[in-house]
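Working notes, beginning with the structure itself.
The values are calculated or read from the model by the stated rules, or taken from the named source; none is laboratory data. Keep in mind that what you see is a predicted model, and the values were worked out from it rather than measured. As a convention, Cβ positions derive from the backbone with ideal geometry for all residues, glycine included, and neighbour counts pool all protein chains shown. To get the accessible areas, we keep the full protein, side chains included, count just its heavy atoms, and leave off ligands, DNA and RNA. Shrake-Rupley method; radii C 1.70, N 1.55, O 1.52, S 1.80 Å.
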Amino acid sequence: MSLALILAFTVLMVAVIPVAHALVIASGVALLWDGGLPLMLVAQQMFQQTQSFPMLALPFFILAGTLIMEGKLGEELLRFSGEIMQRLRGGALSTTVVGSVVFGGVSGSAVANASALGSVLIPWQKRQGYPAGLCAANNATAAVIDILIPPSIPMILYAVVSNVSIGDLFMAGVLPGILMALGFVAVCWWQGRKLGLTSEAPPLEWRKVGKLAFYALPALILPVLILVALRFGFATPTEIAVMAVLYALVASIFLYRDMSWTRFRKAMIDAGIATGIVMMVIMGSAAASWILTYDQVPQRFAEWVSATLREPWMVILAMNVIMLLIGGPLDLAPAILLLAPIFVPLAATIGLDPLQLGLMMVLNLGIGLYTPPVGTTLFISSTIAGSTMSETTKALWPFFFVALALLAAISYVPALTLRF
């Protein structure tokens, strides 16, 4: 039955059927092929997966990110990070990286980050003399920092599937996210030096920086408040997501005074559409995962890998290679929902902490967002920059190697993903 599922899903993907629909159809085909199970199981599993309280954090975090990124709160964040970074060599590129870090604390979506930051920063970077392909590559890769800095939508998905604490996973992602940002800033500096571009901005005025920091403070302290609330158990991730929405609304209405009914309505619609897309993928993945579990694919796969690759480091390497190969053609959310039930039992056999596996999976599949042929942030950034896919891919390699180095460190140095 699992073989029929995989074959049907592959054919549907080649036929360019949306992933969510392909998962549902392939699950139905697999049950019909078996003949011994009712087709109603597909609908039951799809519905059951939605009956999860932690899953409510998804729409509220998406809505909070939409409210912040499209208002004055997001504008002040960009102005503050731009003022700080543009005086460095390659600073215009580094502004995207720093912007991804601060937006990561309110958005949790790499695709949303690539669209929001790219549309504002890429034209500015091109005017300063940076090649379009480099601007697109920088934006496509920096957006993935969003899914490492809490809150993170992919982390919520992994936590729900693997039964680990969302709060612990959020906390474990802070250090890797900062390390990735530092690595990308170093690449931006190197690219600026290679191109011979220097900053023409006036000397830094601390009074001006203080003023910008004051206006950006409500957005800057939001991720800190989220981490503190999670660390000390003041609220669950779902409750924090609701409070983040209220926080964004209060700041927009009373502090920045830029909230209008039209903007609120647009934010609600955008968040609803994004949530619907994610939930459809979750529901389709639930049916496919049930079939794989019914056929004991995770257990058999774990036994086969353990017998074939006897050393834990080889098993970890094999998991990373598989995720890199799957992350290219398959989108982040369905890849996590399909691979987590298979890899979690395998990780248990070699003593790999499920939190460490979660960070490996999120970063690994995040790399797939800017890896051809289906890299989502890659296409978004190239379109905004007006660069060809060849130009963007050529400029991508230094960022790609930094991400791979961080992935290797996370995979083999457990201390980098410890909770604090």
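A few points about this structure:
- Only one of the numbered conditions (1) within 25 Å of Glu83 (Cα to Cα); (2) modelled with pLDDT of 80 or more is not met by Glu205, and that is (2).
- Considering Glu83, Glu70, Glu76, the condition of being charged (D, E, K, R) and open to solvent by 30 Å² or more (accessible area, probe 1.4 Å) is satisfied by Glu70 alone.
- Residue match in region 121-135 (condition: closer than 26 Å to Gly368 by Cβ, open to solvent by less than 10 Å² (accessible area, probe 1.4 Å) and either in contact with a Cys (Cβ under 7 Å, 6 or more places away or on another chain) or of a type in the set (S, T, N, Q) (or both)): yes
- Within region 369-382, the set of residues being touching a Pro at 6+ places or on another chain (Cβ under 8 Å) and open to solvent by less than 40 Å² (accessible area, probe 1.4 Å) comprises just one member, Leu378.
- Listed here are the helices (runs of 4 or more DSSP H) enclosed by region 91-147 that have at least 1 residues being within 13 Å of the chain's Cα centre (by Cα) and at pLDDT 85 or above: 132-142.
- Qualifying residues in region 213-238 (those that are open to solvent by 20 Å² or more (accessible area, probe 1.4 Å) and hydroxyl-bearing (Ser, Thr, Tyr)) - the one farthest from the chain's Cα centre (by Cα): Tyr215
- Within region 324-343, the residues that satisfy the criterion of being over 18 Å from Thr377 (Cα atoms), at pLDDT 85 or above and among the aliphatic types (A, V, I, L, M) are Leu339, Ala340, Ile342.
- Residue within region 7-16 that is of a type outside the set (Ser, Thr, Tyr), touching a Leu at 6+ places or on another chain (Cβ under 6 Å) and on the phi < 0 side of the Ramachandran plot present: no
- Matching residues in region 350-373 - criterion: being more than 15 Å from Ser152 (Cβ to Cβ), in a helix (DSSP H, G or I) and of a type in the set (S, T, N, Q): Gln356
- Tabulated pairs, region 383-404, first assigned to a loop (DSSP other than H, G, I, E, B), second not β-branched (Val, Ile, Thr), C-beta under 8 angstrom, 6+ apart or interchain: Gly386/Ala132; Ser387/Pro131; Ser387/Ala132; Ser387/Gly133; Ser387/Cys135; Ser387/Ala136; Thr388/Gly133; Thr388/Ser382
- Flag if Leu357 is buried (at least 19 other Cβ atoms within 10 Å of the Cβ) and at pLDDT 85 or above: yes
- Among the residues making up region 239-257, those that are open to solvent by 40 Å² or more (accessible area, probe 1.4 Å) and farther than 30 Å from Val19 by Cβ are Glu239, Met243, Leu246, Tyr247, Val250, Ile253, Phe254, Leu255, Arg257.
- Within region 21-37, the set of residues being modelled with pLDDT under 80 and not charged (D, E, K, R) comprises Gly35, Gly36, Leu37.
- Pair list, Cβ < 7 Å and 6+ apart or interchain, from region 254-280 residues that are of a type in the set (Phe, Trp, Tyr) to residues that are surrounded by 14 or more Cβ atoms within 10 Å (Cβ to Cβ): Tyr256/Gly71; Tyr256/Lys72; Tyr256/Leu73
- Test result for Pro298, assigned to a helix (DSSP H, G or I), at pLDDT 85 or above and either closer than 27 Å to Val11 by Cβ or touching a strand residue (DSSP E or B) at 6+ places or on another chain (Cβ under 7 Å) (or both): no
- When Gly183, Gly210, Gly196 are checked against the criterion of being free of Cβ contacts under 8 Å to residues at least 24 places away in the same chain, open to solvent by 10 Å² or more (accessible area, probe 1.4 Å) and over 16 Å from Ile84 (Cβ atoms), a single residue qualifies: Gly196.
- For Ala385, the criteria (1) under 26 Å from Pro151 (Cα atoms); (2) crowded, with 24+ Cβ neighbours inside 10 Å hold in every case but one, which is (1).
- Some residue of region 264-281 being open to solvent by 40 Å² or more (accessible area, probe 1.4 Å), assigned to a helix (DSSP H, G or I) and either modelled with pLDDT under 80 or of a type in the set (S, T, N, Q) (or both): yes
- If you check Ala307, Ala318, Ala347, Ala340 for being free of Cβ contacts under 8 Å to residues at least 40 places away in the same chain, part of a helix (DSSP H, G or I) and either touching a Gly at 6+ places or on another chain (Cβ under 6 Å) or open to solvent by less than 10 Å² (accessible area, probe 1.4 Å) (or both), only one passes: Ala347.
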